[in-house]
Amino acid sequence: MTAKPKKWKPLPGDTSAAHRALVTALREIRERSARTQSAIAKDAHQAPTTLSNHLNGGRIPDVALLRDFYAVVERDTARGAPLPHTLDALLDMRTHAQKKHCDCCSVGYPPASEEADLPGTARPASHNVQRNLVRRARRLRRQARRRELSVPQEQMRVPVPPAEGDRQLADAAELAWTETGVVARYLADGRNRDADLLLWRAGATYSADSVLEAVGSCRSAGLRAAAETILINVAERSDKQAVLNIAAAFSNAGRHEDVSFMLAAAVRKAN
């Protein structure tokens, strides 16, 4: 029996980019099973309302619930195409979704009742400071890699009229990669962290064809740095065969400069 596409509820407006990415991935996986949500929840040892909450952005699932949900859908689709995301990629998304934006908000954290179920759970006062330092270090590292690995700007420049023209190109690029406009708006609003999370998801979890589509859309929209961030995240994948498959897809599409950039980033990471 073939799974039918499901019409999902819009996510709450205050859902963070990282949490939104996680929910989108969970929905894509759930749609691979033709069974009812109640049946999936029962086999995954959770209440149907709990699974529904996870799939509608109400809360971030515990690791155990996430693993059980993934295992059930994986069994349901054992004879079909592989799931669109690996379990490791989902766990990475969950980690990103749990990160707080600042000390005054609780974005991404499960409710207190869930934390109480974890013995010995304590959140150090300095934890957010440490996370911010790690994020800043990673951002600076990626910026440095872009400067070192980028081909001369004259070769990559796309003639884009200022202001209004940028928006027009971003809207057109959304036809290929739906997140292009979101990334452009985040960058325009100074929400670089949210943009980075969407670009990380594209580079770390997408299939070869989807990565090609995302990078091409960013290039067309004049978002050169965003395109290179996706390529760097591809290069940082632990699955080197996936990196080679993506590089082959770019090569077949004639995107040889992107191939050179990606492989140079992979070599630098290995060293």
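Points to keep in mind about this one:
- Hull shadow area, averaged, segment 61-103 [alpha-carbon convex hull, nm²]: 3.4
- Model label sites at residue 78 and residue 91, defined 7 Å from Cα along the beta-carbon direction, differ in position by 2.2 nm.
- Taking all protein chains as they are arranged and a probe of 1.4 Å, the heavy atoms of residue 256 leave approximately 110 Å² accessible to solvent.
- Segment 217-271 - accessible surface per residue (Å², probe 1.4 Å): 43
- Rough spin-label spacing in nm, given labels placed 7 Å along Cα→Cβ, for residue 252 and residue 28: 1.9
- In segment 221-265, the portion of solvent-accessible area held by carbon and sulfur atoms comes to 55 percent [1.4 Å probe, whole percent, DNA, RNA and ligands not counted].
The values are calculated or read from the model by the stated rules, or taken from the named source; none is laboratory data. Since this is a predicted model, take the numbers as computed values, not measurements. Using ideal geometry, Cβ is built from the backbone for each residue, glycine included, and neighbour counts are taken over all protein chains shown. Accessible surface areas use protein heavy atoms only, side chains included; no ligands, DNA or RNA. Shrake-Rupley method; radii C 1.70, N 1.55, O 1.52, S 1.80 Å.
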